[in-house]
1. Give the residues of the stretch 26-44 that are within 12 Å of residue 126 (Cβ to Cβ), surrounded by fewer than 24 Cβ atoms within 10 Å (Cβ to Cβ) and among the charged types (D, E, K, R), sorted by residue number.
2. Would you mind finding the one in 132, 161, 137, 202 that is at pLDDT 85 or above, closer than 17 Å to residue 18 by Cβ and among the hydrophobic types (A, V, I, L, M, F, W, C)?
3. Give me the pairs: first residue in the stretch 48-70 and free of Cβ contacts under 8 Å to residues at least 60 places away in the same chain and more than 18 Å from residue 225 (Cα to Cα), second residue assigned to a helix (DSSP H, G or I) and open to solvent by 80 Å² or more (accessible area, probe 1.4 Å), beta-carbon distance under 7 Å, and six or more apart or on different chains, which are they?
4. Report, by residue number, each residue of the stretch 132-155 that is surrounded by fewer than 23 Cβ atoms within 10 Å (Cβ to Cβ), touching a residue at least 60 places away in the same chain (Cβ under 8 Å) and more than 12 Å from the chain's Cα centre (by Cα).
5. Those residues that are of a type in the set (A, V, I, L, M) and in a helix (DSSP H, G or I), I need them from the stretch 134-166; list them, please.
6. Among the residues of the stretch 62-76, is there at least one that is assigned to a helix (DSSP H, G or I), open to solvent by less than 20 Å² (accessible area, probe 1.4 Å) and closer than 29 Å to residue 126 by Cα?
7. Condition check: more than 19 Å from residue 9 (Cα to Cα) and either modelled with pLDDT of 80 or more or part of a helix (DSSP H, G or I) (or both). Does residue 217 satisfy that?
8. I want to confirm something. Restricting to the stretch 156-187 and keeping residues that are closer than 12 Å to residue 46 by Cβ and of a type outside the set (A, V, I, L, M), which single residue is surrounded by the most Cβ atoms within 10 Å (Cβ to Cβ)?
Amino acid sequence: MITAIIIGFIAGWLNSMPIGPVNAAIISRTLKYDYRSGLATAIGAAIVDFLYCACAAQIQHFLKDFPEVNLFFRVVGFVALVWMGYKTFMANRVNVRMPDEEADLHKAEDRVVKLHVKEGSLLGAFTLGAVLYGSNLSSVPTWIFISGLLHEWGMLRSGMLVNFVFAVGAGIGTAGWYSMLVHLIARRRGGFSPRTLRNINLAASIAMLVFGCYFLYQIIFDTAWAEIFG
């Protein structure tokens, strides 16, 4: 169980590092309001990440009996990971901020307003983080792929309890990265320097592309093609 929560923590931490809409929202809330607002946004996002990871890990357990569906989720997870890695890498070459970030953030803020939640309140910040992460449906197939690989490597045992503990670790890892981001932004009050953000994005994009290549290798050579087309 300890191994599952540690592995989940590392996976959640690394999965949260790319500077996307959620990170942008956390930085924005911290600078616009205060530390608590940024932290509430982070907690909202981390809870949804935990739920996505828990569902994905459990779904992956049942997909072993359905190779066609399993292949579909593997391909979707691979495409989502490579697309995010490519998108982050290309944005990093031109500008740290991605064009879609502000649009996604504004859409999420509009949804919070429609829920009749005060934007500047802690509940509004929490809801914003949950809505933003919840709208990222590619997280589910990505977590399915990641949990599947970890099981294949023998790093995670099978079972609902293990999957739950792994998801708890992932949620804590996500919350850990976001909380560290809030803490650093609150201390500096001016945010990260462009160079620091570029370095974070570059490291995250390279990691995603490398893992994407490995995932493609797994799809090609570890898929039960005979069962699918037999």
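1. 36
2. Of 132, 161, 137, 202, the one residue that is at pLDDT 85 or above, closer than 17 Å to residue 18 by Cβ and among the hydrophobic types (A, V, I, L, M, F, W, C) is 132.
3. Matching pairs, first to second residue: none at all.
4. 149, 150, 151, 152, 155
5. Result: 140, 144, 146, 149, 150, 160, 161, 162, 165.
6. No; the residues of the stretch 62-76 include none that is assigned to a helix (DSSP H, G or I), open to solvent by less than 20 Å² (accessible area, probe 1.4 Å) and closer than 29 Å to residue 126 by Cα.
7. Criteria met by residue 217.
8. Filtering first and then ranking leaves 174.
The values are calculated or read from the model by the stated rules, or taken from the named source; none is laboratory data. Remember, it's a predicted structure, so these values are computed and weren't measured experimentally. With ideal geometry, Cβ positions are generated from the backbone for all residues, glycine too; neighbour counts draw on all protein chains shown. These accessible areas exclude ligands, DNA and RNA; they are computed on the full protein's heavy atoms, side chains included. Shrake-Rupley method; radii C 1.70, N 1.55, O 1.52, S 1.80 Å.
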